[in-house]
Each structure stands twice: as structure tokens, then as C-alpha cells.
Amino acid sequence: MKKHFIASLIFLSANSLNAQNRIVDKYGQLSVKGNYIKSQYGDTVQLRGMSLFWSQWMGQYYNEDAIKWLQDDWKCTIIRAAMGVEMGGYLTNPETEKKKIIQVVDAAIALGMYVIIDYHSHEAHINPDEARKFFGEMALKYGKSPNVLYELFNEPLKDVSWEKDIKPYEELVIKEIRKYDPDNIIICGTRQWSQLVNEAASNPIKDPNVVYTLHYYAATHKQWLRDEAKAAMDKGVALFVSEFGTCDASGNGSLDLEESKLWFRFLDKYKISWCNWSVADKEEAASILTPGASGEGGWTNSQLTESGKFIKKEMVEKNSVVLKKTSAK
Ligand code: MG
């Protein structure tokens, strides 16, 4: 009897701990108002989480155990599922890659986290019908779920046109998504590896729940890119850092933690949500894990890289405040 009583106490406290972490229960359906993402209840929302690595190369982390660990131990409020498109990704193995994304989205819904369905491509506009078909399917399946955000085009290259290539592609895919899902947030890639957000803000997409993708790698992209972001926001749009690194733009090289702190200050000031690149055990500076770290989470401190430790500290510190402050609705 006593044993059962203690067991149910443990169960209850584990449950309330999990309830504390269920950000979607607190924020509900998200929408865009001017420069900000707002919750269903009027809070200004800043999500902080992790991006998974290209699905075709790091599929071992696309499962509920890993996502649950990131929620419990890292206080992630959002996870980005980065579906590789070219280079052996979705275009070659559509069912295999789609299945990985579905596993992550279903896990996020079960856990009460936000999740980005990211079309991880540099040249998505070349095969617009493939993207249209994929996102139509996702919107039909998940359009009623407040957890889901769609990211249409990870990083368009430099030598394409916003007006003639990127924007028409994104408008085509948005039209398809909106057939099934009238309201969930859509994250739109911008030219030059999702840096030229001011260009997009000058000729914006007409949909009330669109935000623009801003990517940075702190050892490469500094004040000029924050100025670009500020100029875009001054035109009235909202931004989303769906990917950033503490290292240089190659995903490698040495970390610049001082510049990373300047970026955090900027993102906090303007309540810009972020996902760090990336959940991977690949031997490179951007990875949060050391080689061989388990696909099921449970990572010890010694299995985290320098970038991993830095990001985890920032996320736990700031998201814990958010999770405590935001009362359950
Ligand atoms: Mg919806």
C-alpha cells in the first residue's frame, strides 16, 4: 500500500514536471502580428530549440526518445525536422525520408512541443511540384494541429532572384498548404542562404501568418546581418532564426561565443525564435554531440561538444523562465 502510494507520488510529480514542459498546452495556436509571433492567448512568443541534422545523414535522432530527452533535459520548446531533399534525400527516397519527418512530428505532438517541417534544400524552386505535393500532404495530415510550422525552403542560394525564383515558388507551396490549413505559421526562406530578409520584406508575400527565415553563423555573420534583420523588421515583417551556428558558415572552424552572445541579446530584444544547428554527432564544430552519442538521448555532459554545452546552458536558463512563467491554460 505504502509502496503504491510512493509510486503514485513519483508518477504524479513526473507527470506535472512533463506538464510544465508542454509549451503547446500554454501557447496553443500561434499567429503573426507585426514583428511578433503571438500565442492563442495574446502572449508574445519566443521559442528556443534545436534543429536536427539533414535527415538522410543523421536519421538516428529522428525518434521520440531523442526528442523527449531534448524536451526534458534541454528544455527545448521547438524541434526542427530537416528533411534532406537532394543528395539522396526526399527526391530519391520519398517514403523513407517522409517517414522520418512524420516520426518527429508525431513525437512533438505527443510531447506538446512545437515542430518545424523543414524542406532542407538549396534549390527547391527547381522542383516546385515535389514540394507542393509534399507540403499538401503534410498540411492535410497536420493542419489542425497547433504544433506544426512549415519551412518551405531552407536556404536559397545567392545567385537566384527573390522576385522571380524564390517568391513564386513559396507562393505556389503556400497556396497548396492553405487549401488544408488556413492558419499555421509558414517560414519562408530568403536569398543568400536565408540572410537577405530585408529584400523579402520590401516585396513581401501576402499571407497573414508568414515569417521570414534568418540564418547566421556567429563566426562569419556579424553586425551587418543584424542590421539587415532590423531593416526588415522596420518594414513590419516577423523573422524566425530556424537555424544558426556558434561557428563559421561552413558549420565548422572555431566557435565565436562572444559574437554568439551578441546575437542572443539581439534575438531576445526582438523576441525572435531560434533553433540551433544541430543535433548531430558528426565531427564538426556545429554538432552538439560527440561521435557515437546515442540516438535515444540520455547524453552525459562529457558527450556534449563545446557548442552543445554553450547552447544547452542558454536554452535551459531562458526556457526554464518561460516555462515557469507561462501559466497553464
Ligand atoms: Mg491550422
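Starting from the stretch 113-202, pick out the trypsin sites (Lys or Arg not before Pro) whose DSSP state is loop and whose Cβ has at most 16 other Cβ atoms within 10 Å. Show your work: numbers first, answer last.
On the way: sites: 132, 133, 141, 144, 158, 164, 175, 178, 179, 191; in loops: 144, 158.
Listed in order of number, the matching sites are 144, 158.
Find the centroid of the Cα atoms in the stretch 258-277 and in the stretch 112-154, then give the distance between the two in whole Å.
Taking the Cα centre of each part, the stretch 258-277 and the stretch 112-154 sit 24 Å apart.
Specify the angular offset, from 0 to 90 degrees and rounded to the nearest 10, of the alpha carbon long axis of helix 223-234 from the longest principal axis of the alpha carbons in the chain.
Roughly 80 degrees between the two axes.
Can you give the % of DSSP beta bridges in the chain that are antiparallel, to the nearest 5?
Values: 6 of 37 bridges.
Here the antiparallel bridges make up roughly 15 percent for the chain.
Sticking with the crude label model, points 7 Å out along Cα→Cβ, report the distance from residue 300 to residue 203 in nm, one decimal please.
Each label point is offset 7 Å from its Cα along the Cβ direction, giving 5.5 nm.
Can you give the local net charge around residue 288? Use residues other than it whose beta-carbon is closer than 9 angstrom to its beta-carbon, Lys and Arg +1, Asp and Glu -1. Can you show the working numbers first?
Details: positive: 309, 312; negative: 281.
Value of the local net charge: +1.
What is the stretch 153-218 by shape, rounded, prolate or oblate, if you read a ≥ b ≥ c off the alpha carbon gyration tensor as root eigenvalues and call it rounded for a/c under 1.5, prolate for a/b larger than b/c, and oblate otherwise? Working shown, then result.
On the way: a/c = 1.99, a/b = 1.60, b/c = 1.25.
Prolate.
Between residue 178 and residue 220, what FRET efficiency comes out of the Förster formula 1/(1 + (r/R0)^6) with R0 = 41 Å and r the beta carbon distance, rounded to 0.05?
Computed FRET efficiency for residue 220 and residue 178 comes out at 0.70.
Evaluate E = 1/(1 + (r/R0)^6) for residue 171 and residue 254, where r is the Cβ-Cβ distance and R0 equals 30 Å; express this FRET efficiency to the nearest 0.05.
Numbers: r = 40 Å, r/R0 = 1.33.
Approximately 0.15, to the nearest 0.05.
With a point put 7 Å past each Cα toward its Cβ, work out how far residue 60 is from residue 19 in nm, to one decimal.
Going from the residue 60 label point to the residue 19 one covers 3.7 nm.
Do the sum for the chain: with -39,500 (n - 2.57) for every DSSP H run of n ≥ 4, divided by all residues, what is the mean residue ellipticity at 222 nm, to the nearest 500 deg cm²/dmol? Working shown, then result.
Details: 11 runs with 136 residues, N = 329.
That comes out to -13000 deg cm²/dmol.
Assign one of three labels to the stretch 244-329, namely rounded, prolate or oblate, based on the Cα gyration tensor with a ≥ b ≥ c the square roots of its eigenvalues; rounded applies when a/c is under 1.5, prolate when it is not and a/b is larger than b/c, and oblate otherwise.
Numbers: a/c = 2.43, a/b = 1.29, b/c = 1.89.
Here the stretch 244-329 falls in the oblate category.
Please report the spacing between the Cα centers of the stretch 207-240 and the stretch 19-74 in Å, no decimals.
20 Å
Where a ≥ b ≥ c are the square roots of the eigenvalues of the C-alpha gyration tensor, would you call the chain rounded, which needs a/c under 1.5, or, failing that, prolate if a/b is larger than b/c, or oblate? Don't jump to the answer; show the numbers that get you there.
On the way: a/c = 1.41, a/b = 1.33, b/c = 1.06.
In terms of gyration-tensor shape, rounded.
Provide, for the stretch 129-252, the number of lysine pairs with alpha carbons under 15 Å apart, each pair being eight or more places apart or on different chains.
Lysine pairs satisfying the spacing and distance rule in the stretch 129-252 number 11.
Net charge around residue 316, counting only other residues with Cβ within less than 13 Å of its Cβ (Lys, Arg = +1; Asp, Glu = -1)?
Values: positive: 48, 75, 309, 312, 313, 318, 324; negative: 72, 73, 314, 317.
Charge balance in the 13 Å sphere: +3.
A short reminder: the numbers here are calculations on the coordinates, not readings from a lab. Note that this is a predicted model, so its numbers are computed, not measured. As a convention, Cβ positions derive from the backbone with ideal geometry for all residues, glycine included, and neighbour counts pool all protein chains shown.
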